[in-house]
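To start, the structure itself, in structure tokens.
Only the coordinates and a few stated rules stand behind these numbers; no lab work does. Keep in mind that this is a model prediction, so the values were computed, not measured. Using ideal geometry, Cβ is built from the backbone for each residue, glycine included, and neighbour counts are taken over all protein chains shown.
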Amino acid sequence: MRNPLWIAGAVAALLGLMGSMFVVAEGHSAIVLNLGRVVRTDLGPGLHFKFPLVETARVFDRRLHVLPAEPERYFTSEQKDVSVDFFAVGRISNLRAFYRATGGDESVAVERLAPIIKDSLRNEINTLTLSQVVSGDRSQIVEKQLAAINRGAATLGIHIADLRIKQIDLPTDSKVIGDVYRRMSAQRQQVASQLRAEGAEQAQQITANADRDRAVIVAEAERDAQRVRGEGDAESTRLYAEAAQKDPGFYAFQRSLEAYRRAFANGQTVIVLDRSDPFLQYMKSDR
């Protein structure tokens, strides 16, 4: 029959062995505490041992984590307030410092890290104008302060790998939105005035070109008309000359009739001439 004491001892030894072992998963690290004092740190993945009862192990995730933060309001160099929503990506870089600063509580780490990030962003945004903050390169804003943020985060045993600005808004309870709308309206009005001025200038240019073309066309038409009239008068003169050469008497008679027609065209003309005036030779009666 087995000795009960031997069985009890075996069970106690087994329990003690199980209590002295712990496993660290991939991407994690552990520290060993002896009565609350850190005795070993940065234990990597694998199987590890500790003294049971007097030593305890704490395992921490060393992978990158997103550290959320509430949107914060900042003032620009023009004393315009903006709301900046951001998040940080970081990991535990020094287990001993992290445990001493936070007691191993990640929520405490996030709570203490947030003011460090917000103060650094405030220092940068306070030097920029509203236009530079809203429409500028956000990565430059972060890069200038990332080193300062990590100096403060190092006291917590944390390293910030990246900091991203998600959104920049104008607070609805500030007068900035009204100022922005008024500035946008003024810019649109300026653009509209410029477009109207350019349109008026083009209209004047088109009108001037049309007037010039009209003057050229009228001048060319008048020139052609004068040439045609000249040719017609020359042809008329030639025909009259030929007619006069063929029958001088008839030509004289025709010319006199035309003179009578022009002289008495309005029906009220009165001409006083001598009876022997040649102008009246075809108006005399042969009887």
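What to note about this one:
- Note on Gln79/Asp105: beta-carbon distance plugged into 1/(1 + (r/R0)^6) with R0 of 35 Å gives a FRET efficiency of 0.35.
- Highest average packing first - 152-159, 74-81, 212-219, Cβ atoms within 10 Å: 152-159, 74-81, 212-219
- Ranked by the mean number of other Cβ atoms within 10 Å of their residues, highest first, the peptides 34-43, 200-209, 83-92, 54-63 come out as 83-92, 54-63, 34-43, 200-209.
- Amide H contacts of Glu78 (H built 1.01 Å from N, in plane; Pro and chain starts excluded): Leu130 sit under 5 Å, all sequence-distant by 5 or more or on other chains.
- Counted over all Cα-Cα pairs of region 175-246, pairs farther apart than 22 Å make up 64 percent.
- Local charge for Arg100 was computed over the other residues whose Cβ lies under 13 Å away, with Lys and Arg +1 and Asp and Glu -1, and equals +3.
- The magnitude of the dipole of region 175-246, with charges of +1 and -1 set on the Cβ of Lys/Arg and Asp/Glu and taken from the Cα centre, is near 680 debye.
- Rounded if a/c under 1.5, otherwise prolate or oblate - region 47-108, Cα gyration tensor axes: prolate
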